[in-house]
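What follows is one structure encoded as structure tokens, with my remarks underneath.
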Amino acid sequence: MDYFAHPTAVIDPDVEIGTGTRIWHFCHVMPGAVIGRDCTLGQNVFVGNGVQIGHGVKVQNNVSLYAGVVVEDQVFLGPSCVLTNVINPRAPFERKNEFRTTLIKRGATIGANATLLCGITLGEWCFVGAGAVVTRDVPDYALIMGNPGRQTGWMSRGGHTLQFDSDQQAFCPTTGDHYRLDNGRVTCLTAS
């Protein structure tokens with residue numbers, strides 16, 4: 001075994017877990033789940049059947065990732081954030097054939113206690129603030145806050161609010177990355 005699992009974690013058969021991943025207290029990983037290299041699953045994380053988690057992902061305490069969730073590389077899922085997979089659940093009606101895919105693209109951050117409705121895509125390096133309720137797709141680098149979630153700005157890969165000049169250019173103070181805003185879309189000109 002080239003990953004760490006705390007003795008209280010339950011790892012079902014037929015899962016893939018990458019080298020260097022750490023799975024902490026009271027986690028449960030269901031069959032068919034794929035977890036990449038160098039991930040951290042905090043206490044009490046649930047990973048459902050067929051969930052895909054990329055490399056370098058950090059899933060904080062009390063997060064449940066249900067069937068239909070796809071998490072790309074370097075995503076941060078804050079404590080107790082909520083992801084769903086059925087748009088109209090009712091206890092007496094089985095709706096497993098209606099699961100909707102939620103895609104969280106590379107580098108995205110989801111703040112503590114945020115809620116993501118199913119069937120949406122969160123763009124690369126977007127930032128969803130704590131407690132936000134996201135009901136629709138989020139563009140790359142967008143900053144989303146509130147309930148319902150609304151875009152309030154743009155964020156750099158380094159986690160700083162981007163301030164665009166009159167030429168629609170901005171720089172991250174942490175990484176030095178150069179960004180351009182064009183027709184409501186942000187592009188990082190220096191990222192590889």
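The figures follow:
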read-out: Under Karplus coefficients 6.51, -1.76 and 1.60, residue-wise ³J(HN,Hα) of the stretch 32-49 in Hz, glycine/proline x; value: x, 6, 10, 10, x, 6, 6, 9, 10, 10, x, 4, 6, 8, 10, 10, x, 3
read-out: Separation between Cα centres of the stretch 68-94 and the stretch 140-192, rounded to whole Å; value: 26 Å
read-out: Stokes-Einstein D for the stretch 25-184, Kirkwood Rh over Cα pairs, 20 °C, 1.002 mPa s (µm²/s); value: 132 µm²/s
read-out: Given charges at Cβ of Lys, Arg, Asp, Glu: the chain dipole, positive-most of 84, 44, 101; value: 84
read-out: Fraction of beta bridges assigned by DSSP in the stretch 79-192 that are antiparallel (%, nearest 5); value: 55 percent
read-out: Gain in span if fully extended, residue 121 to residue 91, counting 0.36 nm per residue against the direct Cα distance; value: 8.2 nm
read-out: Phi-based couplings in Hz for the stretch 123-137 (Karplus 6.51, -1.76, 1.60; Gly and Pro marked x); value: x, 4, 6, 6, 9, 9, x, 4, x, 5, 10, 9, 10, 8, 4
read-out: Interchain or long-range residues, amide H under 5 Å from residue 65's placed H; value: 46, 47, 48
read-out: Ranked by how many other beta carbons lie within 10 Å on average, peptides 108-116, 6-14, 154-162 from highest; value: 108-116, 154-162, 6-14
read-out: Rounded to 5, percent antiparallel among DSSP beta bridges of the chain; value: 25 percent
read-out: Size of electric dipole in the stretch 1-131: Cβ of Lys, Arg +1 and of Asp, Glu -1, about Cα centre, debye, nearest 20; value: 340 debye
read-out: Cβ crowding within 10 Å averaged over residues, with 122-128, 45-51 ranked highest first; value: 122-128, 45-51
read-out: Ranked 65, 181, 143, criterion: other C-beta atoms within 10 Å, fewest first; value: 181, 143, 65
read-out: Sequence-distant residues sharing a close amide H with residue 9 (under 5 Å, placed H); value: 26, 27
read-out: Rounded to whole Hz, the Karplus (6.51, -1.76, 1.60) HN-Hα couplings of the stretch 81-89, x for glycine and proline; value: 5, 10, 10, 10, 9, 10, 6, 9, x
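Computed from the coordinates by the stated procedures, all read-outs in this text should not be read as laboratory data. As the structure is a prediction and not an experimental result, all values here were calculated from the model. Note that each Cβ is placed from the backbone with ideal geometry, even for glycine, and that neighbours are counted across all protein chains shown.
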